[in-house]
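One structure is given below, encoded as structure tokens.
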Amino acid sequence: MGAKEQWVPVRSFSTGLEAEMAQQLLEGAGIPSLLRSNRAGVFGLTFQGSVPGGITIAVPGSAVARARELLEQDAA
């Protein structure tokens, strides 16, 4: 993964808990990730309920295929 590599959204979640669980799965497999949201929810970043607009997880472009594969397996 290059230093100037683009970050690519791979999936969106409606709650912070779902997004954080996906992030832990990816990072456990050695894939860095970022969580992005327009809003943090009513109670800030630690709020685990539904987040208006959702939360998107992004990974470096070179890791997109592997990240999507892991997230699909986890959803099954």
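The values are calculated or read from the model by the stated rules, or taken from the named source; none is laboratory data. Just so it is clear, the model here is predicted, and its values are computed rather than measured. When we count neighbours, we look across all protein chains shown, and the Cβ atoms used for this are built from the backbone with ideal geometry, even at glycine.
Points worth noting:
- Enumeration of residues in the range 3-21 that are of a type in the set (A, V, I, L, M) and farther than 15 Å from A67 by Cα: A3, L17
- V59 being of a type in the set (A, V, I, L, M), within 13 Å of S12 (Cα to Cα) and modelled with pLDDT under 95: no
- The range 1-30 - residue that is in a strand (DSSP E or B) and touching a helix residue (DSSP H, G or I) at 6+ places or on another chain (Cβ under 8 Å) and, of those, surrounded by the fewest Cβ atoms within 10 Å (Cβ to Cβ): V8
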